[in-house]
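The values are calculated or read from the model by the stated rules, or taken from the named source; none is laboratory data. Please read these numbers as outputs of a predicted model, since none were measured by experiment. Please note: Cβ atoms are built from the backbone with ideal geometry, for glycine as well, and neighbour counts cover all protein chains shown. Protein only, heavy atoms only, side chains kept; ligands, DNA and RNA dropped before computing areas. Shrake-Rupley method; radii C 1.70, N 1.55, O 1.52, S 1.80 Å.
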Amino acid sequence: MIEQFVNFVIRPPRAEYNPDQYLWEPEFTLAGRKYKRLDLELTNERSQTLKCSHYVPAVIPENTSLPCVVYCHGNSGCRADANEAAVILLPSNITLFTLDFAGSGLSSGDYVSLGWHEKQDLKCAVSFLRKNKQVSCIGLWGRSMGAVTSLLYGAEDPSIAGMVLDSAFANLYDLMMELVEVYKIRVPKFTVKMAVQYMRCVIQRRAKFDIMDLNVVQFAPKTFIPALFGHASNDMFIQPHHTDHIHQAYAGDKNLIKFEGDHNSPRPQFYYDSVSIFFYNVLHPPQFPSTCTHKLDKYYNLGAFKGAAGTNESLLYEIINGLRAAGTDAGSSSAATASFTNATKSVVELLTERVNQLSVKNDNDLDFLLDENHNLTEMDGNTGECHLEDKSNRQTDECCSYTSSNRESWGRCSSLGGASDGLSSGEQPEIPNHKLKSLTLRALATPLRRVQRKPLAIPKEKNRSLWKRLKKERQQMGENISQRLRLCLQGQARHKRTKSS
């Protein structure tokens, strides 16, 4: 039994794996950006070979260095354990370096030391990264044995920017005594102490370290690196009080997060979010735009008119194109062939230009903005287009709208219809300023609900039957237009022409 316990400490089951099967591919895409995995070998002070991988962006801007986090795996682990860390760190422009400690994974060596010799392996990795001009500051992320390794090394290297310590033990001797109780080994206490002393000698002879030296909590008051501690509340292998002791004695900036689960359970998303925020604050990664982002940057700050992250730029100009064609020749489909590829005006400017060209000859043309009590209504965004197209040209076979979305809310922008066929582009009617302002507001801004507005000074003689007919017609047309554009924006259907009812 003692021999089994010794092997459990210094010779756990080895994680043998195929890197191409269990690691990220040599070239892969994550969150819309391309990255690559660089495999390399390092040699530690004991002349043992360490298998390592460095995850970096496929293209790094010239004269730019990125921070790096070294992930330290746990007992019986390997560098494949860092796959989840890559998902957390790479989108934040933080590179990831991971290695198989000596005696683990594909690296050489016969025994592990639960952090004592592993800190020398970590030192070898950090020294390699310091020589890389594309690496700025360095952080550490360790779990179980890797957390102990990070803490031991951090006490010697204060230049580390920050550490995440998940499930570290405070004292190896105390941990071994606790495991005897957890696994309910029914022997007297004095016998257990004698057995531990015997194991101490065996481990010192084989693995070349003393288990009494792994009193991790004594290094905590000497370490001033910002640290984020984490521990599962139901961990029975390394109980949560170990992290409590280290956290209490730790001298640097610190924070402690506890979550549901056991020693080997997957960590919750809020924990990963905290880790991401922590490393972002301590490593200060540079922000450079990706190749697919800058084309849409001018649409992200349009006030109430916001484009979704997946919006096609050409589609927005196609909408303006359709509006311009509707205003010049509503019955001709060839009028919408003008190209806006090199347009210099923004979408809002083009939409505003189309609003100024709308045909409003008299006060009655704005009747659709009033409800039955002759007050300005909070109507659906498609109402303006439905009424104007109905009044100006019944043969218009296309109308466009735009639906914007984000993760938190949905908004709708007004659809702008065709102009009167009887007016040329140079003979536009003059619209009173207060009416043009109100119409422009409704065309370009997301409608606000339940907002009281001053009624417009428009005659009160209204035809209720006409109002009901227009109301029913605009609802049907608005639903059709919204459905078509939503499918178009999602890439599920092409922008097709359908005749309005």
With every protein chain in place, what's the accessible area of Val135 (1.4 Å probe, Å², nearest 10)? 20 Å²
Taking the DSSP beta bridges in the stretch 13-156 as the whole, what percent of them are antiparallel, to the nearest 5? 65 percent
Based solely on C-alpha atoms, express the radius of gyration and the Dmax of the stretch 116-159 in angstrom. 10.4, 31
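Restricting to DSSP loop positions (anything but H, G, I, E, B) with no more than 14 other Cβ atoms inside 10 Å of their own Cβ, which GluC sites (Glu not before Pro) remain in the stretch 20-85?
The qualifying sites are Glu45, Glu62.
Test of understanding: what is the full-extension gain from Ser127 to Gln483, defined as 0.36 nm times their sequence separation minus their Cα-Cα distance?
Separation in residues times 0.36 nm, less the Cα-Cα distance, equals 122.4 nm.
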Treat each spin label as a single point 7 Å out from the Cα along the C-beta direction, and report the Val192 to His241 distance in nm. 1.2 nm
Based on the Cβ-Cβ distance of Asp262 and Tyr17, what FRET efficiency does E = 1/(1 + (r/R0)^6) give at R0 = 22 Å, to the nearest 0.05? 0.45
If amide H atoms are modeled at 1.01 Å from N in the peptide plane, then the residues at a separation of 5 or more from Ile257, or on another chain, having amide H under 5 Å from its own are Phe229, Gly230, His231
Two-site FRET efficiency, Met212 against Ser108, from Cβ-Cβ distance with R₀ of 25 Å, rounded to 0.05: 0.40
Give me the distance in nm between label points sitting 7 Å out from Cα along the Cα-to-Cβ direction at Thr49 and Gln475, one decimal. 7.5 nm
Would you list Trp141, Trp24 from the most to the least accessible area, probe 1.4 Å? Trp24, Trp141
